[in-house]
Amino acid sequence: MKSASPESAAARLKKITALRPTLAIVLGSGFHPVLTELRVAEKVSLAVIPGFPKPTVCGHAGELYFGHLGGTPVLVLSGRAHFYEGHDMERVTFAVRALAAFGITDLLLTNAAGGLKKSFRPGDFMVLTDHLNFMGANPLRGLRHPNASGFVDLTETYDPPLRALLFRAGKKLRLKLKRGVYLAVSGPSYETPAEIRAFARLGADAVGMSTVPEAIAARHCGLRVAALSCITNLAAGIHPGTLSHADVLSTAARVKKSAAHLIRHFSELYGKTAPGTPGATTRSKK
Ligand code: HPA
């Protein structure tokens, strides 16, 4: 059977709604409460969109929403496909390609991560400035794409103006956002303390199991990208005792209101500043 293309998935999405948001938000662990702030126009199960892999991790709903967040039209993906679930990189990044084909131009990726930097505390939020890809795979490997080679520049993967909007949103909430380098591992096991010591020496500030493949694929499609981590725990060997998914979820639950308000403010600011949206001021396109 021929597998679905991102373009066919995008065509299906266009039939679901007349809304044409340019901002998409991918909700990682800890960020699902953003949905409480969303004025929902349409909600669809990922299962009905051709080519979308169904996420398998509990707590990830696997739904796509169209609606307004802080007054701005948005597409929200609740539940993503992870590499650690066994999906290949093409599947992991399929949704991002479909969003680009739909007309999304700006992508906010969110995730839960372990903190390495001494000043980080569980419950902090970190704006990604850069990443280290330790997943052992690249989503552009072997990809044949009609209009682009795989030799994508990643000098500025995380768009400075979008990053600035995250900081402005944080300031409005009196939340002091951290910034740092995210190191992606394949998971699903957590890291050893020796790995964490090595990663810290390499310049990592946080470690997690997602985001990097999507960011690379998004840059390949020409999307502007921002990414935000919820530091749900201190990484192995820094955290006193052992790590568990339950600890990750409990920190995420503790900061759920801040996460939801932060993303809502970001979306509101985006609507006021991005090109082509109401109240837009001029903003350079990279
Ligand atoms: N390591 C990897 N991924 C994670 C962690 C961690 O400590 N916390 C949340 N996601």
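The values are calculated or read from the model by the stated rules, or taken from the named source; none is laboratory data. Predicted model, so just to flag it, every value in this text is computed and none were measured. Neighbour counts are summed over all protein chains in view; Cβ atoms, including those assigned to glycine, are modelled from backbone coordinates with ideal geometry. Surface areas here come from the heavy atoms of the whole protein model, side chains and all, with no ligands, DNA or RNA. Shrake-Rupley method; radii C 1.70, N 1.55, O 1.52, S 1.80 Å.
Miscellaneous remarks
- Gyration tensor (alpha-carbon) shape descriptor, region 149-204, a/c threshold 1.5: oblate
- Ordering 160-169, 255-264 by mean Cβ neighbour count within 10 Å, with the highest value first, yields 255-264, 160-169.
- Annotation: per residue accessible area for the chain equals 45 Å², rounded to a whole number [probe 1.4 Å, protein chains only].
- Accessible area of region 171-228 belonging to carbon and sulfur atoms, whole % at 1.4 Å probe: 52
- Shape call, region 218-276: gyration tensor on alpha carbons, a/c limit 1.5: oblate
- Fully extended contour minus Cα-Cα distance, from Leu19 to Thr36, at 0.36 nm per residue: 4.2 nm
- Cross-link table Lys118/Lys176; Lys14/Lys257; Lys14/Lys256; Lys176/Lys272; Lys171/Lys272; Lys117/Lys272, entries beyond 25 Å C-alpha to C-alpha: Lys14/Lys257; Lys14/Lys256; Lys117/Lys272
- Nitroxide proxy distance, nm - points 7 Å out along Cα→Cβ at Ala137 and Ser250: 3.3
- Note on region 178-243 and region 1-35: Cα centroid distance 25 Å, given to the nearest whole angstrom.
- Over region 67-150, relative contact order from alpha-carbon pairs under 8 Å, at least 6 apart, %: 21
- Between amide H atoms placed 1.01 Å from N, distances below 5 Å from Thr129 occur with Gly180, Val181, Tyr182, all of them 5 or more places distant or on a separate chain.
- Based on the convex hull around the alpha carbon atoms, the chain presents an average projected area of 14.2 nm².
- Near Leu234, the amide H atoms lying under 5 Å from its own belong to Gly115; only residues 5 or more places off or on other chains count, and H is placed 1.01 Å from N.
- Note on Lys172: aspartates and glutamates with a C-alpha under 12 Å away, same-chain residues under 8 apart excluded, are Glu268.
- Label point distance in nm, Lys43-Ser3, each placed 7 Å from Cα along Cα→Cβ: 3.0
- Under the Karplus curve 6.51 cos²θ - 1.76 cosθ + 1.60, θ = phi - 60°, whole-Hz ³J(HN,Hα) for region 117-132, x wherever Gly or Pro sits: 5, 4, 7, 7, 10, x, x, 6, 10, 10, 7, 6, 9, 5, 9, 10
- Rounded if a/c under 1.5, otherwise prolate or oblate - region 156-241, Cα gyration tensor axes: oblate
- Placing unit charges on each Cβ (+1 for Lys and Arg, -1 for Asp and Glu) gives region 81-140 a dipole about its Cα centre, and among Ile104, Ser119, His87 the Cα reaching farthest toward its positive end belongs to Ser119.
- Taking the 1.4 Å solvent-accessible surface of region 1-139 as the whole, the part contributed by carbon and sulfur is 53%.
- For Phe120, net neighbour charge (Lys/Arg +1, Asp/Glu -1) across residues whose Cβ lies under 10 Å away: +2
- Estimated [θ] at 222 nm from DSSP helical runs (n ≥ 4, -39500 (n - 2.57)) normalised by residues in the chain, nearest 500: -9000 deg cm²/dmol
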